[in-house]
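These notes concern the structure reproduced below.
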Amino acid sequence: MADNALRRRTLVQGAAWTVPVIALAQAAPALAASGEPPCTTASPVDVLWKPNAPQYTYTRTGNTQGQLVVTGTGWISPVTVTFASTLVGSALQYGNLGVSYPTSNQYYTALPLSPEGNLGVLDGTTEPGAGHTIEAGQYFLAFKQSSIGNDPGDGSQYQEITVSFSEPVNGLNFYVHMIDALWTNYNMFEVAPYKHYNDRLTITSATTYTATPTGPAYVSGTGSTSSPLRGDLKFVYALPPQYVWGNNSAIVQFADGLTSFTMRFWNAWPSSATDPLAEQSFYLGEMTFAPSACA
């Protein structure tokens, strides 16, 4: 009797060990039949916003939406990143697009307005002022808005940008540039109005993140609602530094498994400027991530 019990126990144990092997053997043909390759380690892609890049394309469909499609090594399928922008408040409009200074101005040929509008890509090669000598070959995703009415500067007038990923991603990090404070009382180039802008940028997401100022200590804050990213140094002159890279910047880094986040951008100073050329802007620089499904 004891011998029979031992045999039954041994047989059951052996069967328990063989079940996963059978299940795995059945799964393998199914995977092969699906035509999908096995998921390998996904290499992250650095999005530099360059046109004709081999691993990504960005398409702007207007002031309110743009789509970035990214494919990398070890990625089963491309990841689509959607940028959807909404203005809240009657005092704002999206940043001007394609406006030039009057030909009567002696400086207009040297300092044309950057042609990109909201959700457009800035080409550092053609950035006005000093930018084109410093940033040739660099590109940035622009977020622009203009005051066309009375903005009390209390955060009630803002642009909100929702960034959504077609599947969860890991290791997302990106730079934000030109978070600054500008107080100029000059009517420059005959058309550029007075600018009174004190940038505020917050980031909200179900996924944890950190926002760390980089470069010159002109930016502070953590990006939270209680501590927005903001420019500490008040610039008082006609135009801010015209180059973007490294100017009033921070790097934002997310935990793994991210599916979406939201950025809110507003002016903390009261403003009644009504000329759309008085643009308030910030720029998204290099962005890196990989799909979590293959990481």
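The values are calculated or read from the model by the stated rules, or taken from the named source; none is laboratory data. Keep in mind it's a predicted model, so treat the numbers as computed, not measured. Every residue, glycine among them, receives a Cβ derived from its backbone with ideal geometry; neighbour counts consider all protein chains shown.
List the number of the failed condition for T71; all other conditions in (1) among the hydroxyl-bearing types (S, T, Y); (2) touching a Phe, Trp or Tyr at 6+ places or on another chain (Cβ under 9 Å); (3) at pLDDT 95 or above; (4) over 21 Å from L258 (Cα atoms) hold.
T71 satisfies every listed condition except (4).
Which numbered condition trips up P241, out of (1) at pLDDT 90 or above; (2) buried (at least 16 other Cβ atoms within 10 Å of the Cβ)?
P241 satisfies all of (1) at pLDDT 90 or above; (2) buried (at least 16 other Cβ atoms within 10 Å of the Cβ) except (1).
Can you report the number of residues in region 85-97 which are in contact with a strand residue (DSSP E or B) (Cβ under 6 Å, 6 or more places away or on another chain), crowded, with 16+ Cβ neighbours inside 10 Å and either of a type outside the set (S, T, Y) or in a loop (DSSP other than H, G, I, E, B) (or both)?
Final tally of qualifying residues: 5.
Using beta carbons and a limit of 8 Å, which pairs, at least six apart or on different chains, have the first residue in region 139-155 and at positive phi and in contact (Cβ under 8 Å) with a residue 60 or more places away in the chain and the second one in a strand (DSSP E or B) and among the charged types (D, E, K, R)?
That search, which allows pairs on different chains as well, returns G155/R200.
Would you mind telling me which numbered condition in (1) more than 27 Å from V47 (Cβ to Cβ); (2) modelled with pLDDT of 90 or more; (3) aliphatic (A, V, I, L, M) L277 fails?
It is condition (2) that L277 fails.
Give region 135-161 a look and list any residue that's more than 21 Å from the chain's Cα centre (by Cα) and surrounded by 16 or more Cβ atoms within 10 Å (Cβ to Cβ), or say none.
S147, I148, D151, G153
Rundown of residues vs (1) modelled with pLDDT of 95 or more; (2) part of a strand (DSSP E or B); (3) not assigned by TED's automatic domain parsing to the domain that holds G72, yes/no style:
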site	(1), (2), (3)
L122	no, yes, no
G129	no, no, no
F140	no, yes, no
G153	no, no, no
V169	yes, yes, no
F174	yes, yes, no
Y186	no, no, no
T207	yes, no, no
G223	yes, no, no
